[in-house]
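**Q** Following this message is one structure expressed as C-alpha cells.
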Amino acid sequence: MHILIVNNSVIPALKYGGTERVIWWLGKMLVKMGHTVSYLVAKGSSCPFGKVYELNPDLPFNSQVPDSVDVLHLLTAVNEKPLKPYIVTLQGNINEAIELDRNTSFVSRNHANRYGSDQYVYNCLDVEDYGKPDLNNKRKYIHFLADAAWRVKNVRGAIKIARQASVPLHVIGGVRFNFNMGIRLTFDPNTRFHGMKGGEEKNRILNGSKGLLFPVLWNEPFGIALIESLYFGCPVIGTPYGSLTELIPKEVGFLSSNKDELVAAVKNIDDYDRNVCHRYVMDNFTADKMTLQYLSLYEKVLNGESLNAIAPKLKQVQVEKFLPFGRTAPLASEGF
C-alpha cells in the first residue's frame, strides 16, 4: 500500500512538534511493515525512508497527489475534496459546532466522544528515539513539558504548585522572559527554564525528573508529553480534563482541579513506582500499535466505507476561556 501523509509543517521536528513527530513515527513504522510512505508537507522537509513532496496551498490539492498513492492521511485542511480514499486525523480542538468530515478520526476516546464519534487512535511513541531509561537513578526535581506560551497549558499553575511543594521545577518548552504572555517575567528561583528542547537534551531532563506537572486548563485531546514522561518513569500530576482521565490511571498519576491536592500529590510523588509507569507505556503506547490501528482505518476507506456514520460535530461549545483550577475548584476523582 502507498500512503501519502499530508501536513502543513516541516518534518522532521527537531524540538517542539507533537504532530510532526507522530507522523514521522507512523511513516517509519509503516515502511517497516512493508508499505510505501510519502509525505506532502511544508518546504524544507526531508525524510530518509519516504519521498517528500512540497505542499503548495495555492495549487489544487488533487493535482499534488502522485498517481501511485492508494490512500491519503490528512492532518491539515486542504483546498478541495480528495479524489482518492482518505482519512483525516484531528489532533487539536475545534470549539465550534460545525460538521467535520465523516472520515475524521480523533486521538483519544474522550476527544472523539466530545464530537459524537467513537473513532480514535492514540498517539504513540517510537521508543528508539528515547533510548533506555534509567529507572533507578537519584532524582531531585519535577518537570513541565509543553509550549509554555500557550496559556491553556498553565505553566503559571505548575510554578505555583512546585513552589508550594518545595520541589524544584524544570520547564521544557518555555523561557523566563515571555512577551507573548503579556510580558511574563518569571523570577521564581525554584524554577529553571530550558526553552524548546528535543532529542538527547530533552531525554536527559526527563530521565532526571521525579514526575510531570500537567495542570492544563482545557480539554486536552491527547498530550504526547504524558507518555514521553511516563516512559522515563515519571508519574503525572495534572488536572482531570480531556484525555487525562482516560490516560492516567491511579497507578501512574493523580488528577485534580484543586491546587492544594496537586501540591500534596507532588510532595508524595516518590510513592509511585517508576517501573510501573514505564511498563504502562510499553504495553499501550508504542508506534507499532498506533500503526496497526491506522492500517485498519485505511482498509476501511479503501473498501468505500466512512469512518463515521454521521459527520462528527462538537456536542458542547466551551464558553469559558479556561477550565477551573485553584483552591476552590471542584474536586475530581483520580484515574479512571
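**Q** So what is the relative contact order of the chain, in percent, for Cα pairs below 8 Å that sit 6 or more residues apart?
**A** It rounds to 20 percent for the chain.
**Q** Using Cα springs under 10 Å in a Gaussian network model of the chain, which residue among 91, 316, 164 shows the largest mean-square fluctuation?
**A** Result for the chain, Cα springs under 10 Å: 316 fluctuates most.
**Q** Can you give the local net charge around residue 133? Use residues other than it whose beta-carbon is closer than 12 angstrom to its beta-carbon, Lys and Arg +1, Asp and Glu -1.
**A** That works out to +3.
**Q** How charged is the neighbourhood of residue 45? Take every other residue with its Cβ under 12 Å from the Cβ of residue 45, and add Lys/Arg as +1 and Asp/Glu as -1.
**A** Neighbourhood net charge equals 0.
**Q** Starting from 0 in steps of 20 Å, tell me what percent of the Cα-Cα pairs of the chain lands in each bin.
**A** P(r) for the chain, in whole percents per bin: 30, 57, 12.
**Q** Sticking with this one: Under 5 Å between amide H atoms, partner at least 5 residues away or on a different chain: which partners does residue 170 have, H built in plane at 1.01 Å?
**A** 142, 143, 144, 192
**Q** May I ask you to evaluate 6.51 cos²θ - 1.76 cosθ + 1.60, the Karplus curve with θ = phi - 60°, for each residue of segment 283-289 and list the ³J(HN,Hα) values in order in whole Hz, giving x for glycine and proline?
**A** So the J values, rounded to whole Hz, are 7, 10, 9, 9, 4, 5, 5.
**Q** Additional query: Restrict the search to segment 2-88; then list the GluC sites (Glu not before Pro) that DSSP places in a loop and that have at most 15 other Cβ atoms within 10 Å of their Cβ.
**A** Sparse-neighbourhood loop GluC sites (Glu not before Pro): 80.
**Q** Related question: What's the local net charge at residue 308, with K and R +1, D and E -1, over the other residues with C-beta under 13 Å away?
**A** It works out to a net charge of -1.
**Q** Also: Skipping prolines and chain starts, which residues have an amide H placed within reach, meaning under 5 Å, of the one on residue 256, given they are 5 or more residues away or on another chain?
**A** Here the answer is 238, 239, since their amide H atoms fall under 5 Å of that of residue 256.
**Q** Next question, about the same structure. Would you work out the relative contact order for segment 127-282, in percent, from Cα pairs under 8 angstrom that are 6 or more residues apart?
**A** That works out to 24 percent.
**Q** Continuing with this model, one more query. Specify, per residue and in Å³, the volume enclosed by the convex hull of the alpha carbon atoms belonging to segment 80-223.
**A** Per residue, the Cα convex hull of segment 80-223 comes to 163 Å³.
**Q** Take the Cα coordinates of segment 107-177, assign each an equal point scatterer, and use the Debye formula without solvent to give log10 I(q)/I(0) at q = 0.19 Å⁻¹.
**A** Scattering profile of segment 107-177, log10 relative to I(0): -1.00.
**Q** Further question on the same structure: Counting only trypsin sites (Lys or Arg not before Pro) that sit in a DSSP loop (anything but H, G, I, E, B) with at most 11 other Cβ atoms within 10 Å, what is the longest stretch of the chain containing none of them?
**A** By the stated rule (loop sites, at most 11 other Cβ atoms within 10 Å), 141-314.
**Q** Calculate the FRET efficiency for residue 296 and residue 318 from the Cβ-Cβ distance with a Förster distance of 35 Å, rounded to the nearest 0.05.
**A** The pair residue 296/residue 318 has a calculated efficiency of 0.65.
Rule-based calculations on the coordinates, nothing more; no lab input. Predicted model only: the values in this text are computed from it and were never measured. Cβ sites come from the backbone with ideal geometry, for glycine too, and all protein chains shown count toward neighbours.
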